[in-house]
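The values are calculated or read from the model by the stated rules, or taken from the named source; none is laboratory data. Since the structure is predicted, the reported quantities are computational estimates derived from the model, not experimental observations. All Cβ positions, even for glycine, are placed from backbone atoms using ideal geometry, and neighbour counts span all protein chains on display.
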Amino acid sequence: DVDYDYCDAEIVVEEIPVGIHRCILASRSQFFHDLFKKGKDGDLKEGKGKPRYHMKDLVSYGSVGYEAFIVFLHYLYTGKLKAPPTEVTTCVDEACIHDACRPAINYALELMYASANFKMKELVLLFQGGNVKNSEQ
């Protein structure tokens, strides 16, 4: 509901605005702490005065898609890794176990890239240790 939007900024990912709370992101990620500390307020949204950041400006190389960013944000807010969205786990081939599916690989790479780029050490370590499936339980 637009009348009850308590987010103080937005990050636009794949043309979709995602509401964020800068104090939470800054407290959990050194990248966001440094970004907000510098006073970079992104583009101001017309009429609302809410800073708007664009994912393409936040990542130097590669990309982070909407689905991966939502799961990354969920981890930032809760400390728990959310299950992958159905968009990356649903396959036309019923026998597929997703070890080599392009959508699943892209999603995993984007999530790992977001974790490294946004300086989330514990999430990077989780991926490096191969404990991602265990953390979802």
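A few remarks follow.
Okay, residues lined up against (1) buried (at least 17 other Cβ atoms within 10 Å of the Cβ); (2) at pLDDT 90 or above:
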site	(1), (2)
Ile20	yes, yes
Cys23	no, yes
Ser29	yes, yes
Lys37	no, no
Lys45	no, no
Gly49	no, no
Val71	yes, yes
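- When residues of the range 92-115 are limited to those that are surrounded by fewer than 14 Cβ atoms within 10 Å (Cβ to Cβ) and modelled with pLDDT of 75 or more, the one nearest to Ala68 (Cα to Cα): Ile105
- Test: Val124 is of a type outside the set (Gly, Ala, Ser) and either modelled with pLDDT of 90 or more or closer than 17 Å to Leu25 by Cα (or both): yes
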